[in-house]
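These notes concern the structure reproduced below.
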Amino acid sequence: MNKETAEGKLNQAAGTVKQKVGEALDDSKLAASGVADQISGAADQIKGAAKEAWGHASESVGEATARAEAGIENLKASTKETAAHLRDEVAQKAQSLKSTISEKIDSLTHGKDNA
């Protein structure tokens, strides 16, 4: 409970007491003032609740942003690892293909020399 909510509850309670005293004393001004205090207290409570809700929403957004940023960093790291792995595979396949082509060329070249 924040300051506005607490003050609102106190104003409402004081307003209720003031209204009852005004009614008991047949003082319409005092009773009306009590009702006004109750309305003011209710408004303070609404203001306090809104501030609390905003604070919770702000915290939630901050937490979600932090989780998203961490997820992005993990994705970047994973992407770099995958790219490095694929580069290694492509290099190995290229080397294997180069060796196969060299062997074929050598076999064709040596086959002509023997002919």
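Just so it is clear, none of the values below were taken in a lab; they were calculated from the coordinates. This is a predicted model, so every value here is computed, not measured.
Which pairs break 31 Å Cα to Cα here: Lys18/Lys51; Lys29/Lys51; Lys80/Lys104; Lys3/Lys29?
Lys29/Lys51; Lys80/Lys104
Could you grab the relative contact order for the chain? Cα pairs under 8 Å, six or more apart, rounded to a whole percent.
23
List, in order, the whole-Hz ³J(HN,Hα) value for each residue of region 74-83 obtained from phi through the Karplus relation with A = 6.51, B = -1.76, C = 1.60 and θ = phi - 60°; use x for Gly and Pro.
Values per residue, Gly and Pro as x: 4, 5, 4, 4, 5, 5, 5, 5, 5, 4 Hz.
Take region 3-114, compute every pairwise Cα distance, and split them into 5 Å bins from 0; I just need the percent in each bin.
All Cα pairs considered, the percentages come to 2, 11, 8, 8, 6, 5, 6, 4, 5, 4, 4, 4, 4, 4, 3, 3, 3, 3, 3, 3, 2, 2, 1, 1, 1, 0, 0.
Can you list the HN-Hα couplings for region 22-37, worked out from phi with the Karplus curve (6.51, -1.76, 1.60; θ = phi - 60°), rounded to whole Hz and with x for Gly and Pro?
Per residue, the Karplus-derived 3J(HN,Hα) values read x, 5, 5, 8, 6, 10, 5, 5, 5, 5, 5, 4, x, 5, 4, 5 Hz.
Where is the GNM fluctuation largest for the chain (alpha-carbon springs, 10 angstrom cutoff): Leu97, Leu30, Leu75?
The residue that fluctuates most here is Leu97.
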